[in-house]
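Every number in this text was worked out from the coordinates using simple rules, so none of it is lab data. This is a predicted model, so every value here is computed, not measured. Positions of Cβ are backbone-derived with ideal geometry, glycine not excepted, and every protein chain shown enters the neighbour counts.
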Amino acid sequence: MTSPRLATLREQGYVVLERFVTPSACEALRARAARLVEDFDERAHRSIFTTVEQARRTDDYFLDSAERIHCFFEEEAFEPSGALRQPKARSINKIGHALHDLDPVFDAFSRAPEVKALVEELALPEPRLMQSMYIFKQPRIGGEVRCHQDATYLHTEPQRLLGLWFALEDATVENGCLWAIPGGHRGGLRERFVREGRRTRKEVLDVRPWDERALVPLELPQGGLIVLDGLVPHRSDANRSARSRHAYALHVVSGHDAYLKTNWLQRSTAARGF
Ligand code: FE2
């Protein structure tokens, strides 16, 4: 029998689960992320994360983050002089992409029994935890994330990527919550972010723009989880409020499916499950 949550995911392309993790688990992750940023030497790595010009700005620091824990700055983090506009802790866009494998606190959170049980319920066979991101959406300077499908960045054949997006703080329209197009996962993949050696490029498969009028806001209190089908279009606005909007995103693929060599994220060891 299909679970109601799986039925909603298949019908809508996403499912919103309130109170999935405890506030204390969220706080533990936030504290751990703050520590990672504190230990990060910003003078050594001024890599900026932007979805607008991802291909151009892709560099070794980004590609190498497939198997490491790297910090990426917000686009607006720096003055023209190169100095940070705000303290370092308020300037990082995200940490990625192997937190779930390399950091014990993120490992435990990502592989918690309730997460494993949910992924099993959602019928993804032989789940493999491929990528993790801690997303800050900093107050005032947190940039927008344009409308996209996560499968653009992680493609498998057949295509059945699952994204798990944990709200570590309250996510509201004001501080840049996710927006998604209900049912938008049925139209196929429109773009692929393709790796060729140490370079990447965007390949357009379908030139139609998204109907952004169909986006609905997915506001969620701390501890909530949004499960996203890899094909559902979603976005988030810039955060111009005074409050941050921390989230943790985990992407899971199936070990049954072919993981393409053209994915930017390539590992030297097989991705592990739960
Ligand atoms: Fe996304």
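Overall shape of region 68-113 was characterised from the C-alpha gyration tensor. The equivalent ellipsoid obtained from it has semi-axes of 29, 9, 7 Å, in decreasing order.
Compute and list, largest first, the equivalent-ellipsoid semi-axes of region 1-154 from the alpha carbon gyration tensor, each √(5λ) rounded to a whole angstrom. Could the numbers behind the result be given before it?
Details: eigenvalues 186, 65, 47 Å².
In descending order the semi-axes read 30, 18, 15 Å.
Across all directions of projection, what mean area in square nanometres is found for the Cα convex hull of region 99-150? Intermediate values should be presented prior to the final figure.
Details: hull surface 21.0 nm².
So the mean shadow area of the Cα hull is 5.3 nm².
Each Cα pair of region 132-274 feeds into the Kirkwood radius, which the Stokes-Einstein equation turns, at 10 °C and 1.306 mPa s, into a diffusion coefficient of 99 µm²/s.
For Lys261, the lysines whose Cα comes closer than 22 Å to its Cα, not counting residues fewer than 8 places off in the same chain, are Lys202.
Determine how many Å³ per residue the convex hull of the Cα atoms of region 146-187 encloses.
Details: hull volume 4.2 nm³, N = 42.
In region 146-187, the Cα convex hull volume per residue is 100 Å³.
Hey, with R₀ at 35 Å, roughly what FRET efficiency would Asp41 and His256 work out to, going by the Cβ-Cβ distance, to 0.05? Mind dumping the intermediate values first?
Numbers: r = 40 Å, r/R0 = 1.16.
Once the sixth-power term is evaluated, E becomes 0.30.
By the count of neighbouring beta-carbon atoms within 10 Å, fewest first, Asp39, Asp229, Asp150 end up ordered Asp39, Asp150, Asp229. Taking label positions 7 Å along the Cα-Cβ direction at both Phe78 and Met1, the computed distance is 5.8 nm, reported to one decimal. Pairwise Cα separations in the chain fall into 10 Å bins from 0 onward with the following percentages, short to long: 7, 30, 40, 20, 2, 0, 0. Sorted into 10 angstrom bins from 0, the C-alpha pair distances of region 136-206 split as 14, 41, 33, 12 percent. Working from Cα pairs under 8 Å separated by at least six residues, relative contact order for region 70-196 is 24 percent. The lysines whose alpha-carbon is closer than 16 Å to the alpha-carbon of Lys137, local same-chain residues fewer than 8 away aside, are Lys88, Lys94. Applying 0.36 nm per residue to the separation of Arg198 and Glu212 and subtracting their alpha-carbon distance, the gain on full extension is 1.7 nm. Using only side-chain charges placed at the Cβ, +1 for Lys and Arg and -1 for Asp and Glu, the dipole size of region 178-255 relative to its Cα centre rounds to 340 debye.
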